[in-house]
Every structure is written in C-alpha cells, then in structure tokens.
1. Note the angle between two axes, namely the Cα long axis of helix 52-76 and the longest principal axis of the Cα atoms of the chain, as a number of degrees from 0 to 90, rounded to the nearest 10.
2. Return the single residue from 25, 12, 41 with maximal mean-square fluctuation; model: Gaussian network over the chain, springs between Cα atoms under 10 Å.
3. Using a Gaussian network model on the chain with a 10 Å cutoff between Cα atoms, which of 80, 22, 39 fluctuates the most?
4. For the pair residue 162 and residue 128, how long in nm is the line joining their label points, each one 7 Å along Cα→Cβ?
5. Multiply the residue separation of residue 48 and residue 100 by 0.36 nm, subtract the distance between their alpha-carbon atoms, and state the gained length in nm to one decimal.
6. Just want the ordering: 76, 55, from fewest to most Cβ atoms lying within 10 Å of their own Cβ.
7. Compute the helix-to-body angle for 2-47: its Cα long axis versus the longest principal axis of the chain, expressed 0 to 90° and rounded to tens.
8. For the residues 121, 75, what sequence is obtained by ranking on other C-beta atoms within 10 Å, fewest first?
C-alpha cells in the first residue's frame with residue numbers, strides 16, 4: 001500500500017509542476033503577443049515600414065494563449081457556468097446532470113484531441129508564409145491542449161465524485 005501512496009504523491013507533484021508550467025507559458029505568450037503588437041505599431045508609425053514577422057508572431061501567440069488559457073480554466077474550473085438550475089434541483093439530480101455534462105464535454109474534448117492529431121498529420125509540409133515554420137508545429141497546440149483539458153476534466157470529475165461520498 002505505501003507504494004500506491006508514493007505514486008499518488010508523485011502524480012500530485014507532476015500536476016503541480018504542469019500547472020505552474022502552463023501558467024508561465026501563458027504569461028510568456030501574453031508578453032510575446034504584447035511585445036510583437038507594440039513593435040508592429042511602433043515601427044509602422046515611426047518608420048512607415050511594417051515588420052511582416054510581427055503579425056505572424058502575434059497571431060500565433062494569440063491562438064496559443066487561448067488554448068493554454070482554456071486548459072488552465074478547465075483545471076481551475078473557471079469556465080463560464082450557469083448553475084442556477086442545478087441549485088434548484090434535488091442534490092441527486094443535480095449531481096447526475098453535472099456528471100452527464102462532464103461526460104459530454106469529455107466526448108467533445110476527445111474529438112478535439114483526435115481531430116487535432118489528424119490536423120497535425122495532414123499539415124506536414126505546409127509552412128507559414130513569413131517565418132517558414134511548419135504548420136505541423138503550430139497545430140500541435142490543438143491535440144496537446146485537448147488532451148490536457150481531458151485529463152483535467154477527468155481529475156475534476158473524480159474529485160467531484162469522491163466529494164459526493166464524503167458528504
């Protein structure tokens with residue numbers, strides 16, 4: 001039994017490291033986005049010459065920040081949620097609806113992850129116009145964030161179901 005406890009503790013540590021890494025990545029992406037847009041506006045206004053790479057960098061940073069932010073929101077359960085009906089329903093029915101909703105979201109995230117892998121495979125040789133980065137690397141955020149959101153959703157659902165047993 002102690003080995004299982006150590007494994008669980010190791011999993012918690014990995015999740016804490018992942019949580020912290022995602023927040024740092026999001027901070028970095030927002031900094032890159034802000035800097036590239038600022039440079040684009042400044043250079044275009046002052047020198048009347050556009051920097052073509054800043055538009056591409058800001059677009060990539062914006063899309064990545066959305067996916068990373070959505071992953072963090074799933075982990076922290078901060079997505080938009082209207083629970084007025086759940087509050088009015090009996091506890092058992094509210095729990096069943098919550099679990100059903102989580103299962104639907106899980107199916108959707110599984111689909112997003114799967115189709116993200118298909119997208120990455122399909123864009124093998126295509127390159128971005130200015131920086132010549134393979135789209136395959138840019139699209140990796142779709143299956144990666146989908147899988148992480150699915151992991152966080154499952155962990156949240158397990159926690160929710162365990163809390164049911166405690167109350």
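1. For helix 52-76, the angle is close to 10 degrees.
2. 12
3. 80
4. Here the modelled spin labels are 4.0 nm apart.
5. On the way: separation 52, 0.36 × 52 = 18.72 nm, distance 5.55 nm.
Extending this stretch completely gives an extra 13.2 nm.
6. 76, 55
7. Roughly 30 degrees between the two axes.
8. Neighbour counts put them in this order, fewest first: 121, 75.
Every number in this text was worked out from the coordinates using simple rules, so none of it is lab data. These numbers were taken from a predicted model, which means no experiment stands behind them. Neighbour counts run over all protein chains shown; Cβ positions are idealised from the backbone, glycine included.
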